[in-house]
Amino acid sequence: MEANITAVALAKTPLDDARKKRFNIFYTEQTGLIDIALDVKNYIKASLKNDHPQRKHILALNFSRVNL
C-alpha cells in the first residue's frame, strides 16, 4: 500500500506541473492563446466585409476566459 501511495505522489507532481504550463499557455494575459484568438477575431471582424465566407466561420468560434 505504501508503494502505491509513493507511486501516485511521484506521478502527480509532473502532472500538476504540466497542467500549470497548459493553463499558462491558454490563459496568460495578452500573450495566452485565448487572448490572441479574441484579438484575431476582432481584427477579422474589422477587416473583412460582412459577406466574406470565412468571416462568418471565424466569428462563430467561441473562446472564453476562465474566471478565477
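Computed from the coordinates by the stated procedures, all read-outs in this text should not be read as laboratory data. On a predicted model such as this, the values are computed, not experimentally measured, just so you know. FYI the Cβ positions are ideal-geometry reconstructions off the backbone, even for glycines, and counts take in every protein chain you see.
What the table shows:
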| quantity | calculated |
| --- | --- |
| Among [x] 15, 23, 20, 29, 12, 0; [y] 17, 37, 29, 16, 1; [z] 18, 30, 21, 15, 10, 5, 1, the entry derived from the coordinates for P(r) over Cα pairs in 10 Å bins from 0, in percent | [z] |
| Ranking of 49, 12 by count of other Cβ atoms within 10 Å, fewest first | 49, 12 |
| Positive dipole terminus of the chain, leading residue within 14, 50, 1 (C-beta point charges) | 50 |
| Ranked 40, 66, criterion: other C-beta atoms within 10 Å, fewest first | 66, 40 |
| Hits among aspartates and glutamates - C-alpha to C-alpha of residue 20 under 17 Å, sequence gap 8 or more where chains match | 29 |
| Reach of residue 49 by Cα under 20 Å, taken over lysines that are not fewer than 8 positions away in the same chain | 41 |
| Assigned charges on the beta-carbon of Lys, Arg, Asp, Glu; the chain dipole about Cα centre (debye) | 340 debye |
| Degrees between helix 2-27 axis and first principal axis of the chain (Cα, 0 to 90, nearest 10) | 20 degrees |
| 222 nm mean residue ellipticity, helices alone, for the chain (DSSP H n ≥ 4; -39,500 (n - 2.57); rounded to 500) | -23500 deg cm²/dmol |
| Proximal lysines relative to residue 45, as straight alpha-carbon distance under 27 Å, when same-chain residues fewer than 8 apart are discounted | 56 |
| HN-Hα J in Hz across the stretch 33-45 - Karplus 6.51, -1.76, 1.60, θ = phi - 60°, x for Gly and Pro | 4, 5, 5, 5, 4, 5, 5, 5, 4, 5, 5, 4, 4 |
| Neighbour-count ranking [beta-carbon atoms within 10 angstrom, fewest first] of 68, 33 | 68, 33 |
| Max mean-square fluctuation residue, GNM over the chain, Cα-Cα springs under 10 Å, options 39, 51, 17 | 51 |
